[in-house]
Amino acid sequence: MNIHEHEHVIEVTDLSRVYGGGFEAVRGITFSVARGEIFALLGTNGAGKTSTVELLEGLAVPAGGRVRVLGHDPFHERAAVRPRTGVMLQEGGFPAELTVAETARMWAGCTSGARPEAEVLELVGLARKHRVRVKQLSGGERRRLDLALALLGDPEVLFLDEPTTGLDAEGRRDTWALVRELRAAGTTVLLTTHYLEEAEGLADRLAILHEGRIAASGTPAEVTAGRPSRMSFELPDGYFLGDLPPLADLGVCAHENDGRVVRLRTRELQRTATAVLLWAERTGVELRGLDVRSASLEEAFLGIAQEQEVAA
């Protein structure tokens with residue numbers, strides 16, 4: 001099946017995975033990833049992210065449910081899927097004595113239609129390190145090498161398992177830029193990450209896993225939409241929380257104050273912020289340290305995890 005004839009290049013239906021002893025790591029999850037989309041799987045350690053990705057990569061057979069990548073079963077039809085996908089594992093495990101160039105050359109020999117090694121090393125910022133042995137690379141540089149090898153086959157679908165772990169801030173930004181370029185060129189990307197800022201900035205859609213199940217899914221904005229925004233400020237001497245208009249009238253759903261610092265939670269950020277600022281203007285009050293922001297993905301993630309724990 002031609003990829004352009006198939007809207008969703010990854011389809012997961014009621015997927016489960018069980019390890020020896022009966023531990024169910026993935027418990028009936030369903031999601032799909034469209035062509036040219038960046039999709040992130042999030043979750044705490046043990047949530048089932050890597051277990052899910054390994055099933056998508058065809059490294060194991062599901063205990064139940066169905067997986068299709070590019071219209072094929074990635075395990076039973078591996079020959080039809082593998083040449084069209086790229087995989088970046090959490091650890092590459094490459095021979096320590098080989099140089100960067102030798103490692104890329106070796107990997108290219110096992111890759112159908114491999115791109116020139118120099119080209120992918122340039123893409124990930126390792127061109128100047130081509131003569132350096134793998135054992136001499138920093139942890140971040142090894143992650144760059146992992147990514148380079150995943151790109152050798154110019155994949156239609158790219159699996160990235162914790163792609164920026166060990167990278168410094170500059171390396172992380174460079175990797176993000178490269179992933180966006182790949183998406184713009186039509187590559188479908190599925191990534192797992194512990195960096196919520198990374199998921200929020202990169203992913204078109206995401207799913208948050210908790211104990212093998214999908215606890216929330218959608219665009220980053222959709223996942224955070226149900227979470228309260230926050231507003232904080234410091235009142236000047238002589239003013240107290242009770243001097244503000246009734247908080248319920250401001251749309252505030254929760255609050256706390258530490259001395260003169262007031263923190264408000266609201267599901268109606270514009271209404272709350274407008275009312276507080278109008279009050280401050282009428283009373284001639286300067287709100288020092290004023291900070292107004294919508295809910296972040298991190299807050300949504302932590303909130304979902306806490307809710308799931310309470311429900312359990």
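The values are calculated or read from the model by the stated rules, or taken from the named source; none is laboratory data. Everything quoted here is computed from the prediction, not taken from an experiment. Glycine gets a Cβ as well: all are built from the backbone with ideal geometry, and neighbour counts include every protein chain shown. In case anyone asks, the SASA skips ligands and DNA or RNA and just uses the protein heavy atoms, side chains included. Shrake-Rupley method; radii C 1.70, N 1.55, O 1.52, S 1.80 Å.
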Subject >> (1) 176; (2) 154; (3) 193, with the label sought being that of the calculated volume of the Cα convex hull per residue in Å³ >> reply: (1)
**OP:** Would you please give the residues with an amide H less than 5 Å from that of Leu158, counting only those at least 5 places away or on a separate chain, with H modeled from the backbone geometry?
**Re:** Gly86, Thr188, Val189, Leu190
Subject >> Average accessible area per residue (Å²) across the range 178-312 - probe 1.4 Å, nucleic acids and ligands excluded >> reply: 53
**OP:** DSSP loop (so not H, G, I, E, B), at most 14 other Cβ within 10 Å: list which chymotrypsin sites (Phe, Trp or Tyr not before Pro) in the range 15-110 pass both filters.
**Re:** Tyr19, Phe23
Original post:
How far is the Cα center of the range 26-45 from the Cα center of the range 152-188, in Å?
Top reply: 16
**OP:** Set Lys and Arg Cβ to +1 and Asp and Glu Cβ to -1, take the dipole of the chain about its Cα centre, and tell me which of Val100, Phe159, Val292 lies farthest positive.
**Re:** Val100
Subject >> Average accessible surface area per residue within the range 82-138, 1.4 Å rolling probe, Å² >> reply: 60
Subject >> Computed [θ] at 222 nm, helices only, for the chain once each DSSP H run of length n ≥ 4 contributes -39500 (n - 2.57) >> reply: -9500 deg cm²/dmol
**OP:** Let me know the volume per residue of the alpha-carbon convex hull for the range 27-120, in Å³.
**Re:** 141
Original post:
When the accessible area of the chain is split by element with a 1.4 Å probe, what percent falls to carbon and sulfur?
Top reply: 48
**OP:** Starting from the Cα-Cα distance between Thr274 and Ala169, subtract it from 0.36 nm times their residue separation and give me the gain in nm to one decimal.
**Re:** 34.2 nm
Subject >> Beta bridges by DSSP in the chain, antiparallel share as percent, to the nearest 5 >> reply: 70
**OP:** For Val26, list long-range residues whose amide hydrogen, built 1.01 Å from N in the peptide plane, is under 5 Å from its own amide hydrogen.
**Re:** Arg17
**OP:** Report, in debye and to the nearest 20, how large the dipole of the range 1-115 comes out about its Cα centre when Lys and Arg carry +1 and Asp and Glu carry -1 on their Cβ.
**Re:** 80
Original post:
log₁₀ I(q)/I(0) of the range 191-253 at q = 0.19, 0.30 Å⁻¹, via Debye over equal Cα point scatterers, no solvent, to two decimals?
Top reply: -0.79, -1.38
**OP:** Quote the Stokes-Einstein diffusion coefficient, in whole µm² s⁻¹, for the range 1-159, based on the Kirkwood radius over alpha carbon pairs, a temperature of 25 °C and a viscosity of 0.890 mPa s.
**Re:** 145
Original post:
Residue by residue through the range 67-82, which ³J(HN,Hα) values in whole Hz follow from phi under the Karplus form 6.51 cos²θ - 1.76 cosθ + 1.60 (θ = phi - 60°), with glycine and proline marked x?
Top reply: 10, 9, 10, 6, x, 10, 6, x, 8, 7, 10, 4, 5, 7, 9, 4
Subject >> Selection of GluC sites (Glu not before Pro), the range 1-80, meeting DSSP coil and at most 13 other Cβ within 10 Å >> reply: Glu7
**OP:** Report the accessible area of His76, computed with a 1.4 Å probe over the heavy atoms of all protein chains in place, in Å² rounded to the nearest 10.
**Re:** 130
Original post:
For the range 46-52, what does the Karplus curve 6.51 cos²θ - 1.76 cosθ + 1.60, with θ = phi - 60°, yield as ³J(HN,Hα) per residue in whole Hz, taken in order and with x for Gly and Pro?
Top reply: x, 6, x, 4, 5, 4, 5
Original post:
Karplus couplings for the range 105-111 from phi (6.51 cos²θ - 1.76 cosθ + 1.60, θ = phi - 60°), rounded to Hz, Gly and Pro as x?
Top reply: 5, 4, 5, 4, x, 9, 10
Subject >> 5 angstrom amide H check on His210, placed H, neighbours 5+ away >> reply: Ala215
Original post:
Can you pull out the trypsin sites (Lys or Arg not before Pro) in the range 102-162 that DSSP calls coil and that have at most 11 other Cβ atoms within 10 Å?
Top reply: Arg131
Subject >> Size of the range 164-299 as Cα extents on the principal axes (Å, biggest first) >> reply: 57, 33, 26
